[in-house]
Amino acid sequence: MSSSDLPTLSSSPVKQVDALAEERFGIPVEWLMEAAGWQVARLVESRAAVLCGVGNNAGDGLAAARHLHRWGRLASVSCLDTARLRGPAARELQVLRGVGIEVEDDPRLGGAEVIVDAIFGTGLSRAPEGRFAEWIEAINASGKTVISVDVPSGLDAETGVAYAPTVRADVTIGLGPPKPGLSGLPGRVVVADIGVPLEAYVGAGVLVPPDLFARGDVVRL
């Protein structure tokens, strides 16, 4: 399927869709985060280092790390600042620690064949700085296969502007309809079903084809 066949989902409607899913259909963000983590993990076929930021994208990464651990494919998981995690992402951290997984405060890439990039999601509108930029640069310098969650960290999901630095992803796993900035992105781009009702998209003014996932829950663009 071509990305031109799909509507795109901007940052503002993402929040509206999440709210509608919970308020109208009783599907909390925690469920969607769990589904996102599951989808990311099942597409990671080798031992992985998961690098997380501080928002909901980090929560997706932490959920993925827990599944990878259960399947024997987790090399390490790191988080830029666990104290800044809130809501569902903080609960994902708690569950991860509850099963005995140590969350590092610096990237640990040794022993990993794949890096899962869960540093930034949508909403980034300026160049990464400080430790965020350092972690992105470490990913790019690693020489390892990189899988980004929703958007490559450092990419403006709205405009497609790749700030300096931006993760050079081999695969990007869009969660639901692709973000506008993914159009023409180098590397492979797929979209994965995370269980959002089509009616929630409609309520936010996004008309998703009803047969988008009819042939499978992951679709390559």
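The values are calculated or read from the model by the stated rules, or taken from the named source; none is laboratory data. From a predicted model like this one, the values you see are computed outputs, not experimental measurements. Don't worry about glycine lacking a Cβ; one is built from the backbone with ideal geometry, like all the others, and counts go over all protein chains shown. Areas reflect the complete protein model, heavy atoms only, side chains present, ligands, DNA and RNA absent. Shrake-Rupley method; radii C 1.70, N 1.55, O 1.52, S 1.80 Å.
The figures follow:
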{"item": "Accessible-area composition of the range 93-221, carbon plus sulfur, in percent [1.4 Å probe]", "result": "48"}
{"item": "Potential extension, Ala214-Phe25 segment - 0.36 nm per residue separation minus Cα distance", "result": "65.9 nm"}
{"item": "Using alpha-carbon coordinates, inclination of helix 56-70 to the longest axis of the chain, degrees", "result": "70"}
{"item": "Cα Rg over Rh - the chain, Kirkwood", "result": "0.94"}
{"item": "Ordering of 88-97, 112-121, 180-189, 202-211 by packing [mean C-beta count within 10 Å, highest first]", "result": "112-121, 88-97, 180-189, 202-211"}
{"item": "Residue-span extension gain [Glu45 to Gln94] - 0.36 nm each, minus C-alpha spacing", "result": "15.1 nm"}
{"item": "Solvent-accessible area per residue for the chain (1.4 angstrom probe, square angstrom)", "result": "44"}
{"item": "Ranking by accessible area, most exposed first, for Trp31, Trp135, Trp38, Trp71 with a 1.4 Å probe", "result": "Trp31, Trp38, Trp71, Trp135"}
{"item": "Normalised contact order of the range 151-221, rounded percent, pairs of Cα under 8 Å and 6 or more residues apart", "result": "26"}
{"item": "Integer Hz, Karplus 6.51/-1.76/1.60 couplings in order for the range 110-126, x for Gly and Pro", "result": "x, x, 9, 9, 10, 10, 9, 8, 10, 8, 10, x, 7, x, 6, 9, 8"}
{"item": "The chain: angle of helix 29-42 to the longest principal axis, Cα-based, in degrees nearest 10", "result": "70"}
